[in-house]
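Taking it in order: structure first as structure tokens, then the write-up.
Read-outs throughout are calculated quantities, based only on the coordinates presented, and are distinct from any laboratory measurement. Predicted, not measured: the structure shown is a model, and the values here were computed from it. Note that each Cβ is placed from the backbone with ideal geometry, even for glycine, and that neighbours are counted across all protein chains shown.
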Amino acid sequence: MAKIPTTSTTLLRDLARDSQHARWGEFVARYRPMMEAYLRERFPHVDVDDAVQETLIALIKSMPVYRYVPEETGHFHSYLTGILRHKALRQVRSDRQRAKIAEMFCNGESTLGRARSPVSPERSEPRKRSLEVCAPHNEMPGDEQSWREALMEIALQQLLADESVHARTREVFRRVAVNGEKPEDVGSSLGITRNAVDQMKSRMTLRLKELVRALEKADGNGRKE
């Protein structure tokens with residue numbers, strides 16, 4: 001890990017007084033190497049720039065109420081890495097949940113495909129294209145993977161904000177598919193059966209696929225293969 005900078009009480013005081021203070025540049029130059037080293041050692045798969053940026057944003061908000069009293073609150077670098085760790089863990093959880101949703105989406109696509117009647121030759125190509133959404137990440141070019149992930153993220157946000165979908169159905173999907181809660185726990189807390197939870201999740205999954213396809217179609221007009 002990079003060398004821990006010596007804490008400057010005057011620097012912390014100036015930053016606490018003014019969120020736009022010119023000394024923020026000094027702060028970043030002083031602490032960024034330590035933050036980057038911490039992330040690479042503890043969280044090698046997170047986006048370092050994003051985690052550092054989110055940490056700095058959180059720090060700007062918290063500095064006015066932060067008090068540097070080492071014997072009571074600990075060292076400043078521990079406070080800083082505590083925020084950094086929280087942001088990194090949130091990024092890891094977010095990535096895992098997106099992966100779960102993508103896996104659920106693809107499993108649903110496969111199940112749906114098996115339930116269909118045999119595809120005629122003239123429809124074989126469109127079906128093949130629809131399965132490209134589920135191609136493993138290591139089989140996709142980087143730009144294509146990013147595009148797919150962006151479509152999935154946009155579709156998910158649209159689905160969760162769609163007021164035409166019953167609020168309880170949206171809550172079930174958010175808690176089970178996005179937050180990773182157990183279906184039986186969600187059902188119990190809402191007073192509905194496990195089967196009802198599964199049905200709601202299934203309907204929302206199909207709707208999510210429809211939104212992704214619509215986004216693909218709309219975006220495809222401007223993309224060059």
Long-range HN-HN contacts of residue 181 with modeled amide H, under 5 Å: 176
Ranked by how many other beta carbons lie within 10 Å on average, peptides 166-174, 186-194 from highest: 166-174, 186-194
Residue by residue through region 9-16, what is 3J(HN,Hα) from phi via Karplus (6.51 cos²θ - 1.76 cosθ + 1.60, θ = phi - 60°)? Round to whole Hz and write x for glycine and proline. 5, 5, 5, 4, 5, 5, 5, 5
Computed ³J(HN,Hα) along region 52-66: with the Karplus parameters 6.51/-1.76/1.60, θ = phi - 60°, integer Hz and x for glycine or proline, the list is 5, 4, 5, 5, 5, 4, 5, 5, 4, 6, 8, 4, x, 10, 6
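Say the cut-off is 26 Å between C-alpha atoms; which of 3/87; 87/201; 61/87 go over it?
Violating the 26 Å Cα-Cα cut-off are 87/201.
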Along region 175-180, what does the Karplus equation 6.51 cos²θ - 1.76 cosθ + 1.60 (θ = phi - 60°) give for ³J(HN,Hα), rounded to whole Hz, x for Gly and Pro? 6, 7, 7, 8, 8, x
